[in-house]
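The values are calculated or read from the model by the stated rules, or taken from the named source; none is laboratory data. Computed from a prediction, not measured in an experiment: that's the story for all the values here. Cβ atoms come from the backbone with ideal geometry, glycine included; neighbour counts cover every protein chain shown.
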Amino acid sequence: MRGWYWYLGFKQLKHHIKQTMIGVGGIAASVVALMVILSFSQGIEEFIVERILLLTPHLSVEAGYNDFILEDWQNSLEEFPGVYGSSPYLLFPGVVQRGLVNESVAFKAVDWDLEDQLFDLQTLLDEGEWSKIRRGNGLVIGGELALRLGADLDDNITVITAYGARNLELMGIFYTGYYPLDSGLALVSLGEGKDLLETDGVSGYGLKIRNLSHVDQYILPLQDLTGLWIRPWYDKEQSMFITMSIQKVVLVWITVFSLLIGALGIMNIFLLRSWQQSRSVGVLRTLGATPKQIGALLRTQGVYCGIMGGTIGIILARLVVFILGRIDIRLPQVFYLERLPISWAQGDLWWVVLLALITGLGAVVWPALRMTRIDVGEVLRND
C-alpha cells in the first residue's frame, strides 16, 4: 500500500501524545507571538496612515521646488477618471511668533471651501468657528503648536516669511492626532498666502482618488496630462515608514529565532524517538519498507506537527488579537496615541503558516536521516 507511512506516522503521533503536544505547543506559541507582533505593527501603521491622510492629499500635483503653477488645472484634474476632489494650495516655510516664543512651521495657503470638501476640515477643528474662518484671513494651527506658543483663539500671531512679516488673528485650532501635522502645520487662506509670497500662482493641487491602494497607477497618466510633478501621499513620509519597516523586521526575526529554538526541541524529541524505535524500524525493513519510506515516516510526523502547530497558533492568535482589540490599552501621552492599535495581519497569514510547516519539517530532517541509516542486521542481533 503506497503512502502507508502517512497513516502510520499519524498513529505514532497519537501513541506519543505527550511528546507530540510539546512539539505542537512550541510551534503554536511561536506562531501566536509572531502574529500578535505583526498585528500590532499593522495596527500602528494603519493608525498613522489614517491620521496622516486627515490633512494630506492622496496625490499632489506640483510644479517643483521654487516654482509656481500659473495655469488653472482645477477642472481638468477633477474630470480625470478616479479623481473625486482637488484643491489648490501654496506651500512655503516660515515662522510663527507670539511674544518671545517662535516656532518654524510649514505654511499651507488653501481655498477654505475646496479644502473642506477634500478633508472635511470642520470636523478636525478643536476650537474655532468655521463660518468665521471662511470669511476671514486669519490663521489656523495645530493643537500642539498652539500649546507651544501658549496661544488661544483671537490672539495675534506674527507670521514671518522670506517676503516679510505680518500679524494674523488665530481663528482656529485643529487636531489630527498625528504629531508632525499638529505641531508643524499652519493654515491660511489662499488669498493671504498669495499676498505673503507676492505671486498669482499656486504650489500645486491636492487630489483625492477613489482607490487609495492603487494610488501609484495614477502617477504616470496625470504626468502625461499635466506635464507636472506628481507626488503620492507617502513620499514625504518615507523616512518614517522605513524606520517602522526596520523595527518590524527586527521583531519578526526575534520571533523567528524563537521558532528555531522550538524546532531544536522537536528535533531532540524525534532523535530520542528514532533511537527508541530502532526495533520497529528493523521490523518495517524486514517487511519490505525501503530506507526512503522509513525517512518519510518520520518526515510526515514533522509535517503533521507543523500543520497542527500552525493551525492551533493561528486560531489562538486570532482570539488574542480579537481580545486585545476590545481592550482599551492606554499609553503614556508621550506616544501621542490615545490607545495601542491592533489590526489582524491577514496579509501575513500565509507565510506564517508556511514557516510553521517548514519548522516542523526541518526539525525532523536529522532524525529521519538517522533512521534511514539503521542497520537491520544489527537490530536483529541485539534483540
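For the reader, a short list of remarks on this structure follows.
- Among the residues listed as Ala151, Ala146, the single one being out of contact with any Lys or Arg (no Cβ under 9 Å at 6 or more places or on another chain), closer than 29 Å to Phe47 by Cβ and among the hydrophobic types (A, V, I, L, M, F, W, C): Ala146
- Odd one out for Ala151, checked against (1) buried (at least 20 other Cβ atoms within 10 Å of the Cβ); (2) under 28 Å from His58 (Cα atoms); (3) without any contact (Cβ under 8 Å) to a residue 60 or more places away in the chain: (2)
- Spans of helices (runs of 4 or more DSSP H) in the range 46-129 with at least 1 residues of a type in the set (S, T, N, Q) and more than 27 Å from Thr226 (Cα to Cα): 121-124
- Among the residues of the range 47-58, not a single one is modelled with pLDDT of 85 or more, within 25 Å of Leu197 (Cβ to Cβ), in contact with an Asp or Glu (Cβ under 6 Å, 6 or more places away or on another chain) and among the hydroxyl-bearing types (Ser, Thr, Tyr).
For every residue, the table says whether it meets (1) among the charged types (D, E, K, R); (2) over 25 Å from Asp113 (Cα atoms); (3) outside the structural domain of Asn167 (by TED's automatic domain parsing).
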| site | (1), (2), (3) |
| --- | --- |
| Tyr205 | no, no, no |
| Lys208 | yes, no, no |
| Asp216 | yes, yes, no |
| Trp233 | no, no, yes |
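- The residues of the range 2-29 that are modelled with pLDDT of 80 or more and either buried (at least 19 other Cβ atoms within 10 Å of the Cβ) or outside the structural domain of Ile246 (by TED's automatic domain parsing) (or both) amount to a single one, Ala28.
- Candidate set: the range 61-76, residues that are surrounded by 15 or more Cβ atoms within 10 Å (Cβ to Cβ) and of a type in the set (Phe, Trp, Tyr); chosen: the one modelled with the highest pLDDT: Trp73
- When the range 153-174 is filtered for residues that are within 13 Å of Val140 (Cβ to Cβ), in contact with a helix residue (DSSP H, G or I) (Cβ under 6 Å, 6 or more places away or on another chain) and modelled with pLDDT under 90, nothing remains.
- The range 307-356, residues that are aromatic (Phe, Trp, Tyr) and either buried (at least 17 other Cβ atoms within 10 Å of the Cβ) or at pLDDT 75 or above (or both): Phe322, Trp344, Trp350, Trp351
- Single match in Val101, Val110, Val105 (criterion: surrounded by fewer than 18 Cβ atoms within 10 Å (Cβ to Cβ), touching a residue at least 24 places away in the same chain (Cβ under 8 Å) and within 23 Å of Met171 (Cβ to Cβ)): Val101
- Residue count for the range 192-217, restricted to those that are closer than 14 Å to Leu70 by Cβ and either without any contact (Cβ under 8 Å) to a residue 12 or more places away in the chain or among the hydroxyl-bearing types (Ser, Thr, Tyr) (or both): 3
To keep it simple, each residue is scored yes or no on (1) exposed (fewer than 15 other Cβ atoms within 10 Å of the Cβ); (2) within 21 Å of Phe92 (Cβ to Cβ).
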position: Asp200; (1), (2): yes, yes
position: Lys208; (1), (2): no, no
position: Ser213; (1), (2): yes, no
position: Asp224; (1), (2): yes, no
position: Gly227; (1), (2): yes, no
position: Val249; (1), (2): yes, no
position: Ile254; (1), (2): yes, no
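- Considering residues of the range 126-140 that are among the aliphatic types (A, V, I, L, M) and in contact with a helix residue (DSSP H, G or I) (Cβ under 8 Å, 6 or more places away or on another chain) only, the residue surrounded by the most Cβ atoms within 10 Å (Cβ to Cβ): Val140
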